[in-house]
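Remarks on the structure that follows.
The values are calculated or read from the model by the stated rules, or taken from the named source; none is laboratory data. Note that the structure is predicted; figures quoted are calculated from it, not measured. Don't worry about glycine lacking a Cβ; one is built from the backbone with ideal geometry, like all the others, and counts go over all protein chains shown. Please note that ligands, DNA and RNA were not included when accessible areas were found on the heavy atoms of the full protein model with its side chains. Shrake-Rupley method; radii C 1.70, N 1.55, O 1.52, S 1.80 Å.
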Amino acid sequence: MTVRGCMTLLFILLCGIVHADDLVTSPLPAIQQLSTSQIISSTSSPTTSKHSSAATSAAVTTEFPTTHHKTTNSTTEPPTTPHHNTTNSTTVPPTTPHHNTTNSTTEAPTTAHSNATTAPTPPPTSPPVPNPTVGNYSVKSDNVTVCLLAKMGLQFSFKMSENASFQTLNLDPSPNVTEVSGACGSGGNDSSLVLKSEEITVHFIFTNVSQKFRLHALMLSVNLANGNVFNASNNNLSLWEASVGSSYMCKKEQSYNITDKLTINTFELQVQPFAVQNNKFNTAEDCIADEPDNFIVPIAVGVALAVLIVIVLLAYLIGRKRSQNSGYEQFDS
């Protein structure tokens, strides 16, 4: 009986070695089952052992396919898991960079286009130039007697070229800014007034013809901040005309086109280039701009007379119609 038991165990060991690869997953239960069967068979009779060996062989033969089935299941699962992981790792990285690249590429042109359309650069605008300060100027002969008096605020508007825009400058009459010089006219000579500052130089020339004086020439030079110099002149003017021995006055703002590139504006103007007496202005001759107020009274009187005439005519017509109606009533009675 012992020999048979040993042979049975040797047969089982040989079968285990042959099928070692297939029994990797669950080898222990099969071996334990076979060992238990052998122990039981060792204590029984030869007949029982013979049947037990046959049964054991049959059991071994039956269990191997079952074990092979389990091995097949364990072999199927590993390929599925790595394949699933590989797919996930490959899919995630390309998706994220592609999404970021698309956003950065789309936002750049959109932002630039929006800024160019909705935020145009406004053109620069220059603040308005205030009215100039009125200055008092005089020219003396022999540095004692005043021969020319002038009072005015001066503003110059000019442009450097035909297509350029006008620039406006005021003359500062302060003695520490503007120098005053000129020449006295006598015996048929012209009078002149020169006003010179660091930026502006203007030259007025007055002439005396048949006891009437007038401004007949003006020259202007402007030194610009960028180094350019503007020059303009006109020697054929007929402005500020009045009788010799009197002054010319125009209190309202006046604008004079000296050239197509130069315009001067005067404020509270009064000049007397000849026959100054007692260092003060003589009787002033007003300019046309100051005279319209004098026509208000004649216009008002004329309107009042016209209204009065209309009223008289209406009263006459109404009275005449009533007299005719009363005559008809007396005839009927």
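Hey, can you tell me all the residues within segment 175-185 that are free of Cβ contacts under 8 Å to residues at least 40 places away in the same chain and either within 38 Å of the chain's Cα centre (by Cα) or part of a loop (DSSP other than H, G, I, E, B) (or both)?
First, the residues of segment 175-185 that are free of Cβ contacts under 8 Å to residues at least 40 places away in the same chain: 175-177, 179.
Scanning segment 175-185 gives PRO175, ASN176, VAL177.
Looking at (1) under 55 Å from the mean Cα position of the chain (by Cα); (2) modelled with pLDDT under 95; (3) within 20 Å of ALA217 (Cβ to Cβ), can you tell me which one VAL244 breaks?
(1)
May I ask you to verify whether ALA289 is assigned to a helix (DSSP H, G or I) and closer than 30 Å to PHE230 by Cβ?
Values: assigned to a helix (DSSP H, G or I): yes; closer than 30 Å to PHE230 by Cβ: yes.
The answer is yes for ALA289.
Being touching a residue at least 24 places away in the same chain (Cβ under 8 Å) and of a type in the set (Gly, Ala, Ser) is the filter here, so list the residues in segment 248-293 that pass it.
ALA275, ALA284, ALA289
Is it the case that segment 148-170 has a residue that's closer than 23 Å to LYS252 by Cβ, without any contact (Cβ under 8 Å) to a residue 60 or more places away in the chain and crowded, with 16+ Cβ neighbours inside 10 Å?
There is at least one residue in segment 148-170 that is closer than 23 Å to LYS252 by Cβ, without any contact (Cβ under 8 Å) to a residue 60 or more places away in the chain and crowded, with 16+ Cβ neighbours inside 10 Å.
Looking for something open to solvent by 30 Å² or more (accessible area, probe 1.4 Å), closer than 19 Å to VAL134 by Cα and assigned to a strand (DSSP E or B) - is there at least one such residue anywhere in segment 219-236? Steps first, please.
The first filter runs over segment 219-236 and keeps only residues open to solvent by 30 Å² or more (accessible area, probe 1.4 Å), leaving 219, 221, 223, 225-229, 231, 233-236.
Filter again for closer than 19 Å to VAL134 by Cα, leaving none.
Scanning segment 219-236, I find no residue that is open to solvent by 30 Å² or more (accessible area, probe 1.4 Å), closer than 19 Å to VAL134 by Cα and assigned to a strand (DSSP E or B), so the answer is no.
Taking only segment 132-155 into account, find how many residues are assigned to a loop (DSSP other than H, G, I, E, B) and more than 16 Å from LYS196 (Cα to Cα).
Pass one, segment 132-155, residues assigned to a loop (DSSP other than H, G, I, E, B): 132-134, 142-144.
Okay, now just the ones that are also more than 16 Å from LYS196 (Cα to Cα), so 142-144.
Number of matching residues: 3.
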